[in-house]
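The values are calculated or read from the model by the stated rules, or taken from the named source; none is laboratory data. All of these numbers come straight from a predicted model, not from anything done at the bench. Every residue, glycine among them, receives a Cβ derived from its backbone with ideal geometry; neighbour counts consider all protein chains shown.
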Amino acid sequence: MQLSSLRVFCDLSETESFTKAAQINSVTQSAVSQQISALERQFKAMLIERSKKKFRLTREGEILYEYSKRICCTYDELRNKLQEVRDIVSGSIRVATIYSIGLHDLPPYIKKFLKAYPTVKIHVEYRRANQVYEDVLGNVVDLGLVAYPNKDPRLELVLLRKDRMVLVCHPQHSFARLKTIPVAALAGQKFISFEPDIPTRKAIDRIFRDHGIAVQTVMEFDNVETVKRAVEIDAGVSILPQTTIAQEVSKATLAQVPFEGEEFHRPLAALFKKNKVLSPAMKQFLAIVKEA
């Protein structure tokens, strides 16, 4: 029996998916099945109930998962401790991030990190917010980067910073001439929004409810880039994080207007699975992102 087989079994138990377990361990689904079968032969016990309806561990499978998790965690702690003693930062980091953070916030920090630790490999996946949480909980990735983080007893959150939210409009829009704008001025305006399940959309909806106003939502998108493109053609106005529009504002393809008398902010956070053993590389990466 090899440690890799126990890792595969743990990942399969947590994701309840042969496809995801194969993806996490960079093997084929057939290899996952073969390793599970080998464990069953070794322990002379069925570990997974063979049912098409729902993935389920047998009692023996639950016991093996519990002890395998301990073994894998202990090994990871040992490996990381030896790296720390020898002052080694290497290995790989798998990151899942929402589009706005991945495109606008992350690149300079990855550049800084890789300059300091060139032997570390960073793999970044661009995902919707709900998928970031799923990937972290399923061990598909090591770290997640999200906005408006949700508290979850299964996750550790590291608060990073807050983005200022501003009104965004076409440079020829009447709002573009204003120095500041009251939220109430948006009542009845054509509005480019995020899709309803996006955390930023939910936060903006709360702003409108708190101020008792309604906008005319004309388009909905799942990422900040397409929202910006719609505002650039003057299809409507929007509310976006200031950091995500810096390039367009400098080129005068978009205009930004702060809100009058109040500020709204979008909190950003890194998250990882509770009790996950962080490698020296992951710790250093988090430190650089948090410093920002």
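Going through (1) closer than 18 Å to Val224 by Cα; (2) basic (Lys, Arg); (3) over 16 Å from the mean Cα position of the chain (by Cα) one by one, Arg128 falls short only on (3).
Hey, does the stretch 144-157 have a residue that's within 29 Å of Thr97 (Cα to Cα), in contact with a Ser or Thr (Cβ under 8 Å, 6 or more places away or on another chain) and not in a strand (DSSP E or B)? For the stretch 144-157, residues within 29 Å of Thr97 (Cα to Cα), in contact with a Ser or Thr (Cβ under 8 Å, 6 or more places away or on another chain) and not in a strand (DSSP E or B): present.
For the stretch 138-159, residues that are closer than 18 Å to Asp197 by Cα, within 12 Å of the chain's Cα centre (by Cα) and surrounded by fewer than 20 Cβ atoms within 10 Å (Cβ to Cβ) total 2. One residue alone among Ala281, Ala287 is closer than 30 Å to Leu78 by Cβ, outside the structural domain of Ile198 (by TED's automatic domain parsing) and loosely packed, with under 13 Cβ neighbours inside 10 Å, and that residue is Ala287.
Got at least one residue in the stretch 8-27 being aliphatic (A, V, I, L, M), more than 30 Å from Lys290 (Cβ to Cβ) and out of contact with any helix residue (DSSP H, G or I) (no Cβ under 6 Å at 6 or more places or on another chain)?
yes
Checked against (1) in a helix (DSSP H, G or I); (2) in contact (Cβ under 8 Å) with a residue 60 or more places away in the chain; (3) hydrophobic (A, V, I, L, M, F, W, C), Ala185 meets all criteria but (2).
Just one residue in the set Phe175, Phe113 is closer than 25 Å to Ser238 by Cβ and either assigned by TED's automatic domain parsing to the domain that holds Arg229 or among the hydrophobic types (A, V, I, L, M, F, W, C) (or both); that residue is Phe175.
To keep it simple, each residue is scored yes or no on (1) crowded, with 18+ Cβ neighbours inside 10 Å; (2) under 18 Å from Lys276 (Cβ atoms); (3) modelled with pLDDT of 90 or more.
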residue: Tyr75; (1), (2), (3): no, yes, no
residue: Arg79; (1), (2), (3): no, yes, no
residue: Thr97; (1), (2), (3): yes, yes, yes
residue: Phe113; (1), (2), (3): yes, no, yes
residue: Ala116; (1), (2), (3): no, no, yes
residue: His123; (1), (2), (3): no, yes, yes
residue: Asn130; (1), (2), (3): no, no, yes
residue: Val136; (1), (2), (3): yes, yes, yes
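Among the residues of the stretch 21-44, those identified as in contact (Cβ under 8 Å) with a residue 12 or more places away in the chain and either loosely packed, with under 13 Cβ neighbours inside 10 Å or in contact with a Leu (Cβ under 8 Å, 6 or more places away or on another chain) (or both) are Ala21, Val32, Ile36, Leu39, Gln42, Phe43. Apart from one condition, Val277 fits all of (1) closer than 17 Å to Gly144 by Cβ; (2) without any contact (Cβ under 8 Å) to a residue 40 or more places away in the chain; (3) touching a helix residue (DSSP H, G or I) at 6+ places or on another chain (Cβ under 7 Å); the exception is (2). All conditions in (1) closer than 30 Å to Val120 by Cβ; (2) buried (at least 22 other Cβ atoms within 10 Å of the Cβ); (3) in contact with a Leu (Cβ under 8 Å, 6 or more places away or on another chain); (4) of a type in the set (A, V, I, L, M) hold for Ala269, with the sole exception of (2).
Can you name every residue in the stretch 169-211 that is basic (Lys, Arg) and either loosely packed, with under 14 Cβ neighbours inside 10 Å or closer than 17 Å to Pro241 by Cβ (or both)?
Just the residues of the stretch 169-211 that are basic (Lys, Arg), to begin with: 177, 179, 190, 201-202, 206, 209.
Selection gives Arg177, Lys179, Arg201, Lys202, Arg206, Arg209.
Quick one: Tyr67 ticks every box in (1) surrounded by 16 or more Cβ atoms within 10 Å (Cβ to Cβ); (2) out of contact with any strand residue (DSSP E or B) (no Cβ under 9 Å at 6 or more places or on another chain); (3) within 15 Å of Val8 (Cα to Cα) except a single one, so which number is it? It is condition (1) that Tyr67 fails.
Which members of the stretch 250-269 meet the condition of being outside any loop (DSSP other than H, G, I, E, B), under 20 Å from Arg229 (Cα atoms), of a type outside the set (A, V, I, L, M) and touching a residue at least 24 places away in the same chain (Cβ under 8 Å)?
Gln256
No other residue among Ala255, Ala246 is small (Gly, Ala, Ser), outside the structural domain of Asp152 (by TED's automatic domain parsing) and crowded, with 19+ Cβ neighbours inside 10 Å apart from Ala255.
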